[in-house]
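Before any comments, here is the structure.
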Amino acid sequence: MDPQFLLIQATSGFTMAMILFLVASGLTLLFGVVNVFNFAHGSFYMIGAYLAYTCVSVLGFNFWASLVLAGLGAGVFGMLMESIFLRRIYGRAEEAGFQILLTYSFILIIDDLVKLVWGTEYKSISRPPGFSGAVELFGVLVPTYNLAIIALGLIVAVAAWLLLSRTRAGRIARATAIDREMLSTLGVNVPLTLTVVFGVATALGGLAGALAAPLRSVTPGAGIEVIIDSLIVVVLGGMGNFWGAFLGAIILGEVNAFAVAFVADWASLFSFIVMIVVLIFKPQGLFSPAKVRKA
Amino acid sequence: MDFKREFKTLVPALVGFLFFAVLPAVRTSDYQLTIASNTIIWALFAMSFNMLFGMTGMLSFGQALYFGLGGYFVGLLVCHLGAGWFVPAVFLGVLGAGALSLIVGPMVLRLTGVYFTILTLAFAQLGWGIVVKWYDFTNGDDGIQGIIPPGVLGNKVTYYYFCFFLVSLSLWLLWRISLSPFGLILRCVRQNPDRVRFLGRRVKRNQLRIYVLSSMFTALAGALMAGVDNSVSTEMWHWTTSGEVILMCILGGIGQFYGPFAGAVLMILIEDMVGARTEMWSMVIGIIMLVMVLAFPKGVVGEFANLAARLTKKSGGMEVGLGTNTRS
Amino acid sequence: QEKVIKIGALYPMTGRAGLYGLDSVAAMEMAIAEINAKGGAAGYKLDALYTDSKVKPDYAVHVAKRYIEEDKVNFLFGTVSSGVALAVTEVSKQYKKIFIGTDAAATELTVDNLQPYYFRVSNDTFQSMAAGALYLKGMQAKKPWKKIAFIGPDYAYGHSQWNELRYNLDKLGVKYEVVGEHWPKLAQPDYTPFITTILNQKPDILVAGFWGGDTVAFIKQALPYGLFDKMLYFHPDAGGNYELMSAMGDELPNGLILGARHYNNWPETEGNKAFVDDFHKHTGRYPSYCAEAAYEGIYAIAKAVEKVGNPDDTEALVKAFEGMKLKMPEDPDGFTSYIDPASHQIVQVQAIGVTEPNDKFPPAKKMLGQWKVFKAEDLMPPKDFIEAHTKK
Amino acid sequence: MEPILVVDGIEKSFGGLRVTDKVGFDVYPGELKAIIGPNGAGKTTLFNLLSGHLSPDAGRIRFLGREIAGMRTQDIVALGMGRAFQITSIFQEETVLDNIRVACLSKLNQTRIFLRPTRSHKRATDKTFQILESLKLEKFAYRPAFELAHGDQKLLDIGIALALEPKLLLLDEPTSGMSPEERVLTRELIRELWAQFNLALLFIEHDMDTVFGLAQKVLVLQQGAVLVEGTPEEIQNNPQVVTAYLGEEL
Amino acid sequence: MDTILEARGLNTYYGRSHILFDIDLSVEEGETVCLMGRNGAGKTTTFRSLMGLTPPRNGMVVLRGRDCTKLPPYKKARIGMGLVPEDRRVFGPFTVRENLELGKIPGRNGGWNLEAVYEHFPVLGRFADRFAGTLSGGEQQMLAIARALMGNPDVLMLDEPSEGLSPVIVGTLKELILRLKEAKTTILLSEQNIRFAMAVSNRAVVIDKGHVVYTGGIEEFRANESVHKRYLAV
Ligand SMILES: Nc1ncnc2c1ncn2[C@@H]1O[C@H](COP(=O)(O)OP(=O)(O)OP(=O)(O)O)[C@@H](O)[C@H]1O
Ligand SMILES: Nc1ncnc2c1ncn2[C@@H]1O[C@H](COP(=O)(O)OP(=O)(O)OP(=O)(O)O)[C@@H](O)[C@H]1O
Ligand SMILES: [Mg+2]
Ligand SMILES: [Mg+2]
């Protein structure tokens, strides 16, 4: 096999992985860290993409500013959703089931809202100026925009990890998954914390959607398509582990890249096969969350 | 006391049974028959799923695997070997699902919690992928059409009664299971698996048993569905199908034996009525769901039971749920 | 009491396919309004019911039965997805209710699974691929090519396109070498690994069979790699859809060879202009390919009822459809589409064009031009193809 | 008389921390033995080793003549070891009746039966009521377990263990969280059960009144190792035990 | 002396069942008050009502003269209420140190910080990097108390702190509480261990079936055999 081609595929896989990671990062934060499952994560991805479209193509804003605005917009929308609806079901028996149901209803509602606001035509935005070409690195052609995505993926991974493991805020966020009531007696405003985390997670989703918009078509229903892949990434890496999700995304990306090149016929099944294999051999994902004796 | 409790759960069952039994006679259009067939079949799917989720606490996101398998056994056998194979195919599908779940079960049961959920999802999606890909054999996402039950079963009313009989029988079985020592052990597995081990019982073994049983009933539902629609499609295998059955259960009330039944009825009626009236069905259904979740946290049946309990002012009224008594 | 012809339409109205469904519905409404304004058909007014098929065959079956049994429709109508159409055609057969197909392009619908009550007023993948094969053959004469690769969604639609294209190429005696086949899943978000693999395979021609927004995603992602300079992008079935042009604007490269089942700028006949302009007036946007067939499907119904005199005599209606001539917006001057009595498939001229700058249909900045037009009769599946399929 | 349980030099470490250090002792049929020791001495861990929740790194455990170190919990239970937990371990949503009945059915090996309702299993039900009576819980039979007061839940936990007809019963802090009044009652109840069911009883306890009022022998653990074993009097007067564990009177 | 914490006529329900009936209670600056009562008398519920975890349906919770009945638990924690629940509730997957750091409340300073905790609870210093979930029952109890102290509360509420502790540790705990008392920490605790309670408290409040049935100084309480018999059965 041509080693140059292997390198090329590996690079493709890595780009793919970074977008996967960016999309999944918000879900990891919610599902893995604070133990809230947001089925509608993909819908915020979609909102981010549409907001970016509006900012860039309709309002004529600068692309990078639009990215930030789209992320913020999705985040604010997420915080509203959380504080108006989701908050009401915390602490109920069978909460997890209700989270699924409630956030599923968000998917349905947001789908139609998007249709009402933006119509059903496909939208798309161009890559930002200066990022439409490609550069050669070690003989491999890499689109500059993909490099930007890789950089952003790395930044998000490092930032999230630092934030979660090194700051009080991160520790508090993780503790909400364990015992919200106890935490509140320690002076932590738990509802606010959850709203903020939800906001950050949906902002990450929105940011990912905005970032992916120049590479994809922005269409209704775009949300449902990313949710399964995100779930795979989150679980593959081990719940709530940012580096795990990072690695999970890379594995998924690379396996896909090489499957496309060498077993093209079955490439579309590989995500599931990888997950089955990993989970059967490492039942808690690649990075196991800390094992703890039941007190 | 024991008996009184059971009796209470029998009343709604009898009412439901009678309603669906006489429906063909009192219906005003054939379509109502179609809806009724759909409802009872999905109810079977939902209630067998509830044996896993509500009763044993195993949230499988991959029951579509068995629903699809049941449907495709019928579809493929009828398509390749002829309509005469319809009835045998239904039962072969059930056996096939039993066999498959015996293989998949031990693998997914190695995991617990979300990992279990996601692994079941992965297996089901793999099944879906294979069915879509294996075009020559399965017809891919074109699906299989022309699945006409043979002989008298070709008549809609007879076919309805055929389904009605099998569904009633299955539900009766599920009900008996929920009352039986086996059912009791399953509920205990959900609440406190460690302690079950300390009763000298094997947790995984019991989980596997109900996984297999539930999958077989699910396959039966899938097989019967093929005869109602006269066609099967890859949609049956898709994760959205697994999702739908979960939603039905939650909507109806997870902790309630009849919850999933009510959930199935509601979901199908809502989908039908809303879908017929507005292209914005998605938002309308979304809002209905949102309101249900916020206002009726115990599901339709649970809330109804609560109301009944409050009216009769007897604490015993709380115990209507037989499958599982969720904590208040 | 008013006499009505009831039509039960099934189209996707949400999600990725929603665009096609809603365009079709808009076109149906347009046609119905026009016909009713002129007094209807044989004294009957047209009336349509619309339900979102959700692209779910089982749900669509359910709705079709409701249409027939509760709403007492005279015709079933629509569907974008072939899976849905195949399930609904089964209902149509059982209930002996005529089903007018306006979009779903699976060849089986009029070959393997043909039943007496199904008629299709848009072309199928076979016709597109036959035209595509003729195009490729013509090209080989001018600018020799040999290596060909395919990329298309991993489901029946993608696979049929590739099979039918190769069937037609072989039948035409075209010599070619397949250097790669790629099957991303439908709605694959990321094509990067496919793109790098294809570049590595160095085909002369890349045949694409994408559907919907996937075309946009692929082209956008392939651009920085310079893929379109290194090979010819050839996408004869749904590549020329207007929504691609409108979504991509300036970014769409010139020189892609694309086909669609209807174009807003071809043929430049009065009929087509009128249809496109009316649609634009009606909705504020230009139509995608599927609108035209939905529009014409309504006219076909009106015409059949006109001939039979009532919408209830199904068998007579079937006869009326068989061989019916329909002057469609997509018919160039001098040709009239007709429904082939044997296959119930509409027989039409097919054109394939090349992307070039053109801003007459905003927001698109590029449209197709440099048309090559293929004769309708050359595009129909030949006997051996039909026999091979129906035997299966 | 042969001992029913022989523990011989078992060890267990977590990471670098040795939690059980060459522990050895015997339990004879019908014996009533207490295990005491400072918090973190490894008492619960010792129980976990005996009951198969953990397997020892070294050493042997013989129960009724069988080597059980490393055996699975359910098999050890089947041999005749019962256990109630430090943190009550019951089936919260089931009725009190079913909590015990499920154990009786397990003992009778009838949990695979799936078509005959539980209520028609007369043998199990009768036995259940007998146990409920012994525990004085029969008035709560049809109440879900979570409605019971803490102390009653602890009793129920013991009841579940009893239903398995153990030869040896392990109780981890049976009276913790109880009021003095309940403690006295529970102590009496345990003694009655012990006599009635003809058990060997091994219990962990921090309440000295219970320990010294109930036990025939006391085993003291400290930092994972056996400090001393002896009769209540010997232990009470052992200076080592007094400094390490009992402390001065409050 | 000033009254720090006061409950006036608390009535609390779990769902439809009425648990607390007109509970009146006050704790003065620097004193240690002990709630006593049988199992299920309502001690824990009183703590939960005071802290706002199960808000009373009516009645008032007053902290330093300020009505804070309606405040959510986290605000109560920030104005100086600290709670050690009876089931400890340490954060199992967190290390001991992380648990302690979670107990810090920004803006509340005082004598308690990591060093001070490690000095008073050497076990915790030794196990600083162990996961809290792996600690023994007694060790977890210490951690729970230390965690509450990290917030430097004005009133420390301890729900049955001696439960599950070995006698020596109960002795240590007694010392600790006495030291806290010396440092003028105000403490409200509940106990079943009467000896322990009498050794550390200034005042006793006896609750029975949700009613306050006795309040009095500790010496008076010690002498009052009939209260012991009737409500505590000793
Ligand atoms: N899984 C584990 N990992 C690490 N350390 C552990 C683990 N399980 C127990 N330990 C440690 O082993 C020691 C003994 O714990 P154990 O629970 O047996 O104590 P105990 O004697 O029952 O104490 P208590 O009376 O407080 O319940 C403790 O220091 C505990 O922290
Ligand atoms: N979540 C709940 N739902 C319903 N009733 C409850 C709940 N928690 C406690 N109760 C009831 O409230 C009453 C008071 O309970 P509480 O826990 O306050 O008592 P306590 O004095 O702290 O007892 P203990 O000494 O056992 O800790 C009891 O009768 C108990 O059964
Ligand atoms: Mg212990
Ligand atoms: Mg309490």
Write out, first by first residue and then by second, each pair whose Cβ atoms fall under 6 Å of each other, whose residues are 6+ apart or on separate chains, and whose first residue, in segment E:44-61, is more than 17 Å from residue E:18 (Cβ to Cβ) while the second is more than 12 Å from ligand 4 (Cβ to nearest atom) and among the β-branched types (Val, Ile, Thr). E:50/E:61; E:51/A:185; E:60/E:69; E:61/E:69
Pick from segment E:19-55, criterion β-branched (Val, Ile, Thr) and touching a helix residue (DSSP H, G or I) at 6+ places or on another chain (Cβ under 9 Å), ranking: nearest to the other protein chains (Cβ to nearest Cβ): E:54
If we take segment E:115-211, then strands (runs of 3 or more DSSP E) inside it with 3 or more residues that are within 16 Å of ligand 4 (Cβ to nearest atom) and within 14 Å of the chain's Cα centre (by Cα) are E:155-159, E:186-191
Go through (1) within 14 Å of chain D (Cβ to nearest Cβ); (2) in contact (Cβ under 8 Å) with a residue 12 or more places away in the chain; (3) away from ligand 1 (no atom under 16 Å from the Cβ) one by one and return the number of the condition residue E:195 breaks. (2)
Reported set for segment C:176-201 where residues are in contact with a helix residue (DSSP H, G or I) (Cβ under 8 Å, 6 or more places away or on another chain), among the charged types (D, E, K, R) and within 21 Å of residue C:132 (Cβ to Cβ) is C:181
Taking segment E:146-184 only, how many residues are touching a residue at least 40 places away in the same chain (Cβ under 8 Å) and within 13 Å of chain D (Cβ to nearest Cβ)? 5
In the set A:66, A:83, the lone residue that is part of a helix (DSSP H, G or I), in contact (Cβ under 8 Å) with a residue 12 or more places away in the chain and surrounded by fewer than 22 Cβ atoms within 10 Å (Cβ to Cβ) is A:83
Of the candidates A:259, A:245, the one satisfying the condition of being closer than 22 Å to residue A:38 by Cβ, more than 7 Å from every other protein chain (Cβ to nearest Cβ) and assigned to a helix (DSSP H, G or I) is A:245
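Please work out if residue C:220 is surrounded by 21 or more Cβ atoms within 10 Å (Cβ to Cβ) and over 21 Å from the mean Cα position of the chain (by Cα). Spell out the reasoning first.
Details: surrounded by 21 or more Cβ atoms within 10 Å (Cβ to Cβ): yes; over 21 Å from the mean Cα position of the chain (by Cα): yes.
Yes: the conditions hold for residue C:220.
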Looking at this structure, is residue A:110 surrounded by 18 or more Cβ atoms within 10 Å (Cβ to Cβ) and more than 11 Å from chain B (Cβ to nearest Cβ)? no
Suppose we filter C:73, C:84, C:55, C:80 for residues that are touching a residue at least 40 places away in the same chain (Cβ under 8 Å), over 20 Å from residue C:312 (Cα atoms) and touching a Phe, Trp or Tyr at 6+ places or on another chain (Cβ under 8 Å); which single one remains? C:80
Among (1) farther than 19 Å from residue E:186 by Cα; (2) modelled with pLDDT under 90; (3) within 16 Å of ligand 1 (Cβ to nearest atom), which single condition is residue E:86 missing? (1)
Give the residues of segment D:1-26 that are without any contact (Cβ under 8 Å) to a residue 24 or more places away in the chain and within 14 Å of chain E (Cβ to nearest Cβ), sorted by residue number. D:14, D:15, D:16, D:17
Among (1) modelled with pLDDT under 90; (2) among the polar types (S, T, N, Q); (3) under 30 Å from residue E:114 (Cβ atoms), there is one condition residue E:95 misses while meeting the rest; what is its number? (1)
Can you tell me which residue among B:304, B:261 is more than 8 Å from chain A (Cβ to nearest Cβ), part of a helix (DSSP H, G or I) and modelled with pLDDT of 85 or more? B:261
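Condition (residue is assigned to a helix (DSSP H, G or I), touching a residue at least 60 places away in the same chain (Cβ under 8 Å) and within 13 Å of chain C (Cβ to nearest Cβ)) applied to segment A:116-129: is it met by at least one residue?
yes
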Conditions (1) touching a residue at least 60 places away in the same chain (Cβ under 8 Å); (2) in a helix (DSSP H, G or I); (3) among the β-branched types (Val, Ile, Thr); number of the one not met by residue A:36: (2)
Taking the condition within 16 Å of ligand 3 (Cβ to nearest atom), part of a helix (DSSP H, G or I) and either more than 9 Å from chain B (Cβ to nearest Cβ) or among the hydrophobic types (A, V, I, L, M, F, W, C) (or both), does residue D:127 pass? no
Are any residues in segment C:47-96 among the charged types (D, E, K, R) and more than 7 Å from every other protein chain (Cβ to nearest Cβ), and if so, which ones? C:47, C:54, C:71, C:72, C:93, C:96
Could you list, in sequence order, the residues of segment E:153-176 that are within 16 Å of residue E:51 (Cα to Cα) and more than 16 Å from ligand 2 (Cβ to nearest atom)? E:153, E:154, E:155, E:156
Scanning segment C:104-157 for residues that are acidic (Asp, Glu) and within 16 Å of the chain's Cα centre (by Cα), which turns out surrounded by the most Cβ atoms within 10 Å (Cβ to Cβ)? C:124
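If we only count helices (runs of 4 or more DSSP H) wholly inside segment C:269-380, which ones have 1 or more residues that are more than 17 Å from residue C:74 (Cβ to Cβ) and touching a residue at least 12 places away in the same chain (Cβ under 8 Å)?
On the way: elements: C:270-283, C:289-308, C:314-321.
Helices (runs of 4 or more DSSP H) meeting the threshold: C:270-283, C:289-308.
Helices (runs of 4 or more DSSP H) wholly in segment B:107-221 with at least 1 residues that are more than 7 Å from every other protein chain (Cβ to nearest Cβ), over 29 Å from residue A:95 (Cα atoms) and among the aliphatic types (A, V, I, L, M) - which ones? Give the steps one after another, and end with the answer.
Working: elements: B:113-133, B:135-138, B:156-179, B:181-191, B:193-197.
Per the criteria, B:113-133, B:156-179.
Does segment E:177-191 include one or more residues that are among the hydroxyl-bearing types (Ser, Thr, Tyr), surrounded by 19 or more Cβ atoms within 10 Å (Cβ to Cβ) and within 16 Å of ligand 2 (Cβ to nearest atom)? Step through it out loud before you land on a result.
The first filter runs over segment E:177-191 and keeps only residues among the hydroxyl-bearing types (Ser, Thr, Tyr), leaving E:185-186, E:190.
Checking which are surrounded by 19 or more Cβ atoms within 10 Å (Cβ to Cβ) leaves us with E:185-186, E:190.
Narrowing the set further to residues that are within 16 Å of ligand 2 (Cβ to nearest atom) leaves E:190.
So far as segment E:177-191 goes, yes, one or more of its residues are among the hydroxyl-bearing types (Ser, Thr, Tyr), surrounded by 19 or more Cβ atoms within 10 Å (Cβ to Cβ) and within 16 Å of ligand 2 (Cβ to nearest atom).
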Of all residues in segment D:54-89, how many are farther than 22 Å from residue D:175 by Cβ and within 13 Å of chain B (Cβ to nearest Cβ)? 11
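What residue, of A:178, A:172, is in contact with a Ser or Thr (Cβ under 8 Å, 6 or more places away or on another chain) and within 10 Å of another protein chain (Cβ to nearest Cβ)?
On the way: A:178 fails: in contact with a Ser or Thr (Cβ under 8 Å, 6 or more places away or on another chain).
Just one listed residue meets the conditions, A:172.
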From the set of residues in segment C:158-180 that are crowded, with 17+ Cβ neighbours inside 10 Å and within 14 Å of chain A (Cβ to nearest Cβ), which is farthest from residue A:230 (Cα to Cα)? C:179
Scan segment C:97-137 residue by residue and report those that are aliphatic (A, V, I, L, M) and in contact (Cβ under 8 Å) with a residue 60 or more places away in the chain. C:98, C:100, C:105, C:111, C:114, C:121, C:129, C:130, C:131, C:134, C:136
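The values are calculated or read from the model by the stated rules, or taken from the named source; none is laboratory data. These figures come from a predicted structure and were not determined experimentally. Note that we place each Cβ from the backbone using ideal geometry, even for glycine, and neighbour counts take in every protein chain shown.
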